[in-house]
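Report on one structure; see the data block that follows.
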Amino acid sequence: MKQPIVLLLLLCGFISIGQNLVLNPSFEDHRTKHCISILGGFNIHITNWSIPNYGSTDFFVTCEATMGGRNYNGFQEAKAGTTYAGMYLFTDKNYREYVQGELSKTLIKGKKYTMTFYLSLADKSSYALKDIQVLITEEKLKPCHNSNACDKAIKPSKATEGKFKMYSNPDNIYLSNKESWMAYTFEFTAEGYENYFSIGNFYRNAKTKKEDVLSNSPFLFSYYYIDDISIEPSEKGEVNVKKDTLKTVKAPTIKTNEIYTFKNVLFDFDKAQLLAISKEELNQLYKHLEINLKLKVEIYGHTDSIGLETRNQELSEQRAKAVSDYLIEKGLDLTRITSFGFGSTQPISTNDTEEGRQLNRRVTFKLIEM
């Protein structure tokens, strides 16, 4: 059942951000201990991660002096930290690569969790895919187990004797962004056996939905970068809000040319990466824009006055752009969104107290009729 479109305009109380149960979620803990990218070395070097078949998933370190974010299939900076993985999710020979992660504890039966990870399509990829799956399992998948193909698309029933469940792309869009990271997020209810998960394309070529993004390429493949994976509890109990101080406005009553403040769009200190808790509110705004096609939106980033003015300006721009990029990744047309940063120049409260500074660290938006 679809949730009603509600934008949070005033939030009091406090928010408890869920605990990420994914071990080594951004691949930063690797056994090389050096700033070096290794092709096909993911299975050997990344702590708490493995490969569920005999593919050769890569890992890249952007602090490496000569390459940085450049690799043999294009260029991309890490989503979080300095390390990210790269894998072939489609080839004309049905060859597949995956990543397999481990949870810090078994999920609790009946409890709801939210999984989020970030993808970016490599520059040289000829296809963008619509279906990328997550297989959540009781036990670690075994490469070449029970006649399962060693380097082809994994058949879950052939790769494990334990319990498993597969989840597919919740958004009906092709994952085609080559410039920035796309958020892939979904909610599920645990069955009480979940200890591991694998991400990749579990479909053979005939079932894989794809679209051309580089028609003149002599190579037929889809290669994706992946980073910043999380599985967190998502029950309402994880968000502590005083109901009597929460005001909402349903989508039809949102006025144009008025500035509204996101209250659930949050960032870590001095960072511009969206936290998982921010996605629901942004998804609601996207759905409102999807329904009202004659509206465009402007996003404004603001900071408090702590720190250098130049850094505050840069950070406000980056945070506004992160919100803008997320809505574009969801499918919003580029022509319908603009982002601006104002640094600390437009405070709405005092910067002399933590409470006031918290109010000043905000992202706002305005809807405009086209």
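The values are calculated or read from the model by the stated rules, or taken from the named source; none is laboratory data. On a predicted model such as this, the values are computed, not experimentally measured, just so you know. Using ideal geometry, Cβ is built from the backbone for each residue, glycine included, and neighbour counts are taken over all protein chains shown. Heavy atoms of the whole protein, side chains included, go into the accessibility calculation; ligands, DNA and RNA do not. Shrake-Rupley method; radii C 1.70, N 1.55, O 1.52, S 1.80 Å.
For the modelled label position 7 Å from the Cα of Lys158 along Cα-to-Cβ, which residues of the range 90-106 have backbone nitrogen atoms closer than 14 Å?
Zone members listed by number: 94-96.
Using only Cα atoms, tell me the angle between helix 279-291 and the longest principal axis of the chain; keep it within 0 to 90° and round to the nearest 10.
The angle comes out at about 80 degrees.
Report, ordered by chain and residue number, the lysines lying within cross-link reach of Lys255, taken as a straight Cα distance under 24 Å and ignoring same-chain residues fewer than 8 apart.
Of all the lysines, those that pass the test against Lys255 - Cα under 24 Å, at least 8 places apart if same chain - are Lys2, Lys243, Lys247, Lys263, Lys279, Lys287, Lys294, Lys296, Lys321, Lys330, Lys366.
Counting only protein chains, not ligands or nucleic acids, how are Asp92, Asp325, Asp29, Asp304 ordered by accessible area (probe 1.4 Å), most first?
Output order, biggest surface exposure first: Asp92, Asp29, Asp325, Asp304.
Pop out the Kirkwood hydrodynamic radius of the range 251-370 from its pairwise C-alpha distances, inverse of mean 1/r, in Å to one decimal.
For the range 251-370, the Kirkwood estimate is 14.5 Å.
Can you give me the convex hull volume of the Cα atoms of the range 86-185, divided per residue and expressed in Å³?
Measuring per residue, one finds 118 Å³ for the Cα hull of the range 86-185.
What percentages, rounded to whole numbers, describe P(r) for the range 305-370 computed over all alpha carbon pairs with 10 Å bin width beginning at zero?
It works out to 20, 45, 26, 10, 0, in whole percents.
Classify the range 28-109: rounded, prolate or oblate, from the alpha-carbon gyration tensor (a ≥ b ≥ c, eigenvalue square roots; a/c under 1.5 rounded; otherwise prolate if a/b is larger than b/c)?
Oblate.
Starting from the 7 Å offset along Cα-to-Cβ, what nm value, one decimal, do you get for the label separation of Glu298 and Glu314?
Spacing of the two 7 Å Cα→Cβ label points: 2.6 nm.
Can you list residues from other chains, or at least 5 along the same chain, whose modelled amide H is less than 5 Å from the amide H of Gly41?
Phe59
Determine ³J(HN,Hα), in whole Hz, for all residues of the range 109-121 in sequence, where each value follows from phi through the Karplus function 6.51 cos²θ - 1.76 cosθ + 1.60 and θ = phi - 60°; x replaces Gly and Pro.
For the range 109-121, the Karplus curve yields 4, x, 8, 8, 10, 10, 10, 9, 8, 10, 10, 9, 7 Hz.
What number results when the radius of gyration of the range 71-136, computed over Cα atoms, is divided by 2.2 N^0.38 Å?
This ratio for the range 71-136 stands at 1.38.
Divide by every residue of the chain the summed helix terms, -39500 (n - 2.57) for each DSSP H run of at least 4, and state the resulting mean residue ellipticity at 222 nm, rounded to the nearest 500 deg cm²/dmol.
Helices in the chain give a 222 nm mean residue ellipticity of -4000 deg cm²/dmol.
Residue separation times 0.36 nm, minus the C-alpha to C-alpha distance between Lys207 and Ile368: what's the value?
53.8 nm
Given the Cα atoms of the chain, and with Rh set as the inverse mean 1/r over their pairs in the Kirkwood sense, what is Rg to Rh to two decimals?
We get a ratio of 0.97 for the chain.
What is the gain in length, in nm to one decimal, between Asn257 and Phe340 on full extension, counting 0.36 nm per residue of separation less the C-alpha to C-alpha distance?
Net length gain for the segment: 28.3 nm.
So for Ile306, Ile231, what's the accessible-area order with a 1.4 Å probe, most first?
Heavy-atom accessible area, descending, gives Ile306, Ile231.
Cβ under 10 Å from Phe42's Cβ, Phe42 left aside: what net charge do those residues give with Lys, Arg +1 and Asp, Glu -1?
-2
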